[in-house]
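Since the structure comes first, as structure tokens, the remarks are kept for the end.
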Amino acid sequence: MLDGRYPDTGQRKMFQIALRHGVPAGLFITLTMIVGHHVTGSENANSGQVFGYLVMLVALSVVFVAVKRYRDEKLGGVIGFGRAFLIGICISAMAATVYVSVWEIYHASTNFSFYDNYIAAELADAETAGTSGAELEAMAAEFGEMRSRLNNPLFRIAIALLEIFPVGILVSLIAAAVLRDPRVLPAQTRR
């Protein structure tokens with residue numbers, strides 16, 4: 001400790017794994033969604049949500065890769081459910097932090113126009129589908145209320161976390177359940 005170096009603790013290693021895998025995953029998710037939004041010009045909630053969650057699943061598959069690599073290289077091919085799940089959660093938390101941060105920067109740089117465009121598109125879709133009168137007005141009022149809540153950064157951050165973190169939990173659970181069995185994708189011995 002006196003020479004300025006710190007021992008390589010389990011928490012430090014976990015943080016390094018989360019940084020190495022979570023940051024690129026979070027950037028990939030956010031930037032792919034932003035580019036996809038601009039390329040398609042679509043504000044449609046259904047297609048955007050499906051695309052967004054598919055991108056999240058693809059990017060968070062890095063959890064599976066990271067847990068397997070850690071199991072094989074650091075633990076000799078055997079890992080318990082708890083440790084595998086913890087690695088997955090750490091990576092997911094880092095990806096979620098990056099996701100929220102990049103979205104906040106993007107929304108601020110575009111003067112939060114995404115929300116206004118989204119609401120206008122949803123109301124136009126409802127009108128095209130035959131919604132009119134009091135029902136359309138109620139829908140507009142509900143969107144207006146939601147839009148005013150989105151002015152609160154804590155609310156925006158909570159919503160963004162609720163978009164990505166459950167996907168990370170699911171992927172982490174699956175990776176931990178599958179990879180705790182050393183017979184699944186066993187470590188390759190080097191010759």
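The values are calculated or read from the model by the stated rules, or taken from the named source; none is laboratory data. Small disclaimer: the values here were computed from a predicted structure and weren't measured. Neighbour counts run over all protein chains shown; Cβ positions are idealised from the backbone, glycine included. Accessible surface is based on the protein model in full, side chains and every heavy atom, while ligands, DNA and RNA are left aside. Shrake-Rupley method; radii C 1.70, N 1.55, O 1.52, S 1.80 Å.
For the range 47-67, the criterion of being out of contact with any Leu (no Cβ under 7 Å at 6 or more places or on another chain), within 21 Å of Phe155 (Cβ to Cβ), loosely packed, with under 12 Cβ neighbours inside 10 Å and of a type outside the set (D, E, K, R) is satisfied by at least one residue. Going residue by residue through the range 162-182, is there one that turns out to be over 23 Å from the mean Cα position of the chain (by Cα) and either open to solvent by 60 Å² or more (accessible area, probe 1.4 Å) or touching a residue at least 24 places away in the same chain (Cβ under 8 Å) (or both)? Looking for residues that are over 23 Å from the mean Cα position of the chain (by Cα) and either open to solvent by 60 Å² or more (accessible area, probe 1.4 Å) or touching a residue at least 24 places away in the same chain (Cβ under 8 Å) (or both), one finds at least one in the range 162-182, hence yes. When restricted to residues that are under 17 Å from Gln11 (Cβ atoms) and open to solvent by 40 Å² or more (accessible area, probe 1.4 Å), the range 68-79 contains 2. The residue of the range 137-152 that is modelled with the lowest pLDDT, among those that are open to solvent by 60 Å² or more (accessible area, probe 1.4 Å) and either in contact with an Asp or Glu (Cβ under 8 Å, 6 or more places away or on another chain) or not in a helix (DSSP H, G or I) (or both), is Asn151.
Being touching a Gly at 6+ places or on another chain (Cβ under 7 Å), open to solvent by less than 20 Å² (accessible area, probe 1.4 Å) and hydrophobic (A, V, I, L, M, F, W, C) is the requirement here; does Ala84 meet it?
On the way: touching a Gly at 6+ places or on another chain (Cβ under 7 Å): no; open to solvent by less than 20 Å² (accessible area, probe 1.4 Å): yes; hydrophobic (A, V, I, L, M, F, W, C): yes.
Considered against the rule, which asks whether it is touching a Gly at 6+ places or on another chain (Cβ under 7 Å), open to solvent by less than 20 Å² (accessible area, probe 1.4 Å) and hydrophobic (A, V, I, L, M, F, W, C), Ala84 comes out as no.
Taken over the range 87-133, the criterion of being open to solvent by 30 Å² or more (accessible area, probe 1.4 Å), over 18 Å from His38 (Cβ atoms) and at pLDDT 90 or above is satisfied by Ile89, Cys90, Ala93, Met94, Thr97, Ser101. Return a yes/no flag: does the range 45-56 have any residue that is outside any helix (DSSP H, G or I) and of a type in the set (Gly, Ala, Ser). No - not one qualifying residue is present in the range 45-56. A Cβ distance below 9 Å, combined with a sequence gap of six or more or placement on separate chains, defines the contacts here; from the range 47-61, residues that are over 12 Å from Thr30 (Cα atoms) and without any contact (Cβ under 8 Å) to a residue 24 or more places away in the chain reach residues that are among the polar types (S, T, N, Q) and not in a helix (DSSP H, G or I) in the pairs Gly48/Ser42.
Pairs linking a residue in the range 134-147 that is closer than 15 Å to Ala120 by Cβ to a residue that is among the charged types (D, E, K, R), with Cβ atoms under 9 Å and 6 or more positions apart or on different chains, are Leu136/Glu127; Met139/Glu122; Phe143/Glu122; Arg147/Asp116.
From the list Val67, Val78, Val55, Val100, the one residue that fits, being in contact with a Lys or Arg (Cβ under 8 Å, 6 or more places away or on another chain) and either β-branched (Val, Ile, Thr) or under 23 Å from Ile164 (Cβ atoms) (or both), is Val78. The residue that is farthest from Ala93 (Cα to Cα), counting only those in the range 110-136 that are hydrophobic (A, V, I, L, M, F, W, C) and outside any helix (DSSP H, G or I), is Ala129.
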